[in-house]
1. Using the Kirkwood radius built from alpha carbon pairs, what does the Stokes-Einstein equation give as D for the chain at 4 °C and 1.567 mPa s, in µm² per second?
2. May I ask you to compute the full-extension gain from residue 338 to residue 368, defined as 0.36 nm times their residue separation minus their alpha-carbon distance, rounded to one decimal in nm?
3. How long are the semi-axes of the ellipsoid equivalent to the stretch 219-343, from square roots of 5 times the Cα gyration tensor eigenvalues, in whole Å, largest first?
4. Dipole of the stretch 97-144, Cα-centred, from +1 at each Lys and Arg C-beta and -1 at each Asp and Glu C-beta, to the nearest 20 debye?
5. With the crude spin-label approximation of a point 7 Å out along Cα→Cβ, what separation in nm comes out for residue 122 versus residue 323?
6. Is the shape of the stretch 69-227 best called rounded, prolate or oblate, per the rule: a/c under 1.5 gives rounded, else a/b larger than b/c gives prolate, else oblate, with a ≥ b ≥ c the square roots of the Cα gyration tensor eigenvalues?
7. What would the Debye formula give as log10 I(q)/I(0) at q = 0.10, 0.24 Å⁻¹ for the alpha-carbon point model of the stretch 191-286, no solvent?
8. Return the distance in nm (one decimal) between the two label points of a simple spin-label model at residue 297 and residue 200, each offset 7 Å from Cα along Cα→Cβ.
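The values are calculated or read from the model by the stated rules, or taken from the named source; none is laboratory data. These figures come from a predicted structure and were not determined experimentally. Every residue, glycine as well, gets a Cβ built from its backbone with ideal geometry; the counts of neighbours run over all protein chains shown. Accessible surface is based on the protein model in full, side chains and every heavy atom, while ligands, DNA and RNA are left aside. Shrake-Rupley method; radii C 1.70, N 1.55, O 1.52, S 1.80 Å.
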Amino acid sequence: MTTAQVPDILSPEFAENPYPAYRVMRESAPLHWHEATQSWIVSRYADVERVFKDKEAQFTTDNYDWQLEPVHGKTILQLSGREHAVRRALVAPAFRGSDLQEKFLPVIEANSRALIDQFRTTGVADLVHDYATRFPVNVIADMLGLDKADHARFHGWYTAVIAFLGNLSGDAEVTAAGERTRVEFADYMIPIIRARRENLGDDLLSTLCAAEVDGVRMSDEDIKAFCSLLLAAGGETTDKAIASIFANLLSHPEQLAAVRADRSLIPRAFAETLRYTPPVHMIMRQSAVDVEVSGGTIPAGATVTCLIGAANRDEDRYQDPDRFDLFRADLTATTAFSAAADHLAFALGRHFCVGALLAKAEVETGVNQLLDAMPDVRFADGFDPVEQGVFTRGPQSLPVRFTPLAP
């Protein structure tokens, strides 16, 4: 298949529904050059998994120097070797184990309940606008000890950052807005970080200020960049994950009924959502050497676009991959939120998403509380969910109806 015949990831047809294009790529053009983004695109599960796990140091995250640094500053994602290991050790404890369960699970539960309280007696809601876009940002603000009254600013910042990351066509206004966000966020955060160092509390920002591993501590700039990354990655992805899990379950009433009856199935439903409709559809890396993959050779020094959305529906990895099935036998829910995951939505290897367990806690809490408040939840009359986005993707609205419970 010639390059001209391969579906274009920047085309309107692709944006409307990328899944048929993903199939064509996997079958006929598993490696191809995309001129507009100046990158090599890989789409098969085995190849994307290999790039992420990178056991032979063939791929780097040097692409983040231009893809992330202009909006976040230098982040942990750009580091490698011991420097990366130490920085990860500084931030990771807050996102797992006792810190997550004891300090932050109550924050998650309280924020979810507060949002649901605003519509639980009305019988109608838009699960995107009324809940999903607000919930993870509010949680992160509370975790960091920031003022939730600034929610609109946080949301505006992370929306601009995600638009910058997904600016595959190089729109100058999107680029400028993303770069402005870096300045605005630094002006907001650096004074807060400096004040917090002088008066430590029990919030995540204080933990980051005080954390030390092997004599290394995070600078103000390190902490600001991590907070920026946390807001963008934790806000946008969990927002879309919550919207997508409900879109998928409401579109499959028998599976929704199973989850409603047995809440221990929520992690399975979330894992299958991450496979079937991942919030992030593509992640880039840079090749350090010439690398052989399906379909040919990626030259050294090239940008590599890994199509998670395509790899997660690879027929060679999953049976009947275009079907949403939380009961499928070829997806392991018990490892779905660890670096041993067999879906690719959180990446894999040393750059596996540090917030995966936080996302799991948010989704489990949110789905449980929403189902408790809306036991007969259903789509609004005549509504059919539509995904939007190319780099990140999910429903833009999700109007539902339900019978309000008696107070």
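1. On the way: Rh = 21.8 Å.
Reported coefficient: 59 µm²/s.
2. Values: separation 30, 0.36 × 30 = 10.80 nm, distance 2.17 nm.
Between residue 338 and residue 368, full extension yields an extra 8.6 nm.
3. On the way: eigenvalues 179, 99, 27 Å².
For the stretch 219-343, the ellipsoid semi-axes come out as 30, 22, 12 Å.
4. Here the stretch 97-144 has a charge dipole of around 80 debye.
5. 3.8 nm
6. Working: a/c = 1.88, a/b = 1.17, b/c = 1.61.
The shape class here is oblate.
7. -0.48, -1.14
8. 5.3 nm
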